[in-house]
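Accompanying notes for the structure given below.
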Amino acid sequence: MPDRSALGAFLRSRRDRLTPAQAGITPFPGPRRVPGLRKEELAVLAGLSPDHYSRLEQGRQSTLTDEVLTALARALRLDEVERAHLRDLAAPARRRDSGWEVAQRPDPGLLRLMTTLAHVPTLLLGRRSDVLASGPLLAPVLGTDLAPGSSFARWLFLDPGARERIVNWSDFAAAAVGAMRYEVGRHPEDRRLAAQVAELRALDPDVARWWDDHGVTDRTSVAKRIDHPVAGPLEFGIEAVVAPHDPEQRLVIYTVEPGSPTDRVLPLLASWVAVS
């Protein structure tokens, strides 16, 4: 029987955040001991028996039909990323892919795209946020050299310089934790990813707190504000491009508004790189 503990924890976390008023129902009578919906209330919303839903949260239900998953997602008002995560957690146990530990090589097409985009910071990430390559403007913007083979996640959470340089660090980092949880749901067989998460949770209380919230995010657009010691405030929109033939690599592009102060100062940073 597959391990359903992660599924049960995710269901509980989403149930706790949804009040009866938000769900559009009248609260069941009696004292309330939970911040959100009771199990019985959610069971009614999803069209399940209370016993059936209890078995789901307790990890005692070995199989889940598409109809049940759809009903739970609707009742819990999950967004598209959360729905995908729910289906990943409910999927049958997968065999560990023996090729998962093979070192990744940067996708040639994405490397060529990075060359074309040399006027903005770029970063090519592989599995577990491992750095595969970086553009010449990334280091002067972030204040660190993320060499191939290093971990972007370790820098983001464990290097004090990341919190100093990224003005909205908490927003950006919380989204990164949600992305890690999403990846763990997609790849439960990846022991190195699980070990990385365990290490970060042990070393950073912020990671532990966000992880326990069970929030999930996909590789979506996010803003990043940088406090540069020389160039001043910089503002970027972060976009991720995934190669269709290798979804385990993503090119992160720091986009800028044309004519913005950041757009005007980037050529200056580029000139510093060229001189150094």
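In the stretch 183-202, of all residues being among the acidic types (Asp, Glu) and touching a residue at least 60 places away in the same chain (Cβ under 8 Å), the one that is most open to solvent (accessible area, probe 1.4 Å) corresponds to GLU189.
Residues in the stretch 221-238 that are free of Cβ contacts under 8 Å to residues at least 60 places away in the same chain and open to solvent by 70 Å² or more (accessible area, probe 1.4 Å): SER221, ARG225, VAL230, GLU235. For the stretch 16-33, residues that are free of Cβ contacts under 8 Å to residues at least 40 places away in the same chain, within 17 Å of LEU78 (Cβ to Cβ) and open to solvent by 70 Å² or more (accessible area, probe 1.4 Å) total 1.
Checked against (1) under 30 Å from HIS245 (Cα atoms); (2) among the β-branched types (Val, Ile, Thr); (3) open to solvent by 40 Å² or more (accessible area, probe 1.4 Å), VAL81 meets all criteria but (3).
Tell me whether the stretch 169-182 contains one or more residues that are surrounded by 16 or more Cβ atoms within 10 Å (Cβ to Cβ) and over 11 Å from the mean Cα position of the chain (by Cα).
yes
Cβ separations smaller than 9 Å between residues 6+ apart or across chains give the following pairs from the stretch 203-214 residues that are outside any helix (DSSP H, G or I) to residues that are open to solvent by less than 40 Å² (accessible area, probe 1.4 Å) and aliphatic (A, V, I, L, M): ASP204/ALA173; ASP213/ALA174; ASP213/VAL177; HIS214/ALA9. State whether one or more residues within the stretch 165-174 are part of a strand (DSSP E or B) and in contact (Cβ under 8 Å) with a residue 40 or more places away in the chain. Checking the stretch 165-174: at least one residue is part of a strand (DSSP E or B) and in contact (Cβ under 8 Å) with a residue 40 or more places away in the chain.
The values are calculated or read from the model by the stated rules, or taken from the named source; none is laboratory data. Values in this document were obtained by computation on a predicted structure and should not be read as measured data. Here the Cβ is made from the backbone with ideal geometry for all residues, glycine too, and neighbour counts use every protein chain on show. The accessibility values were calculated without ligands, DNA or RNA, using every heavy atom of the protein model including side chains. Shrake-Rupley method; radii C 1.70, N 1.55, O 1.52, S 1.80 Å.
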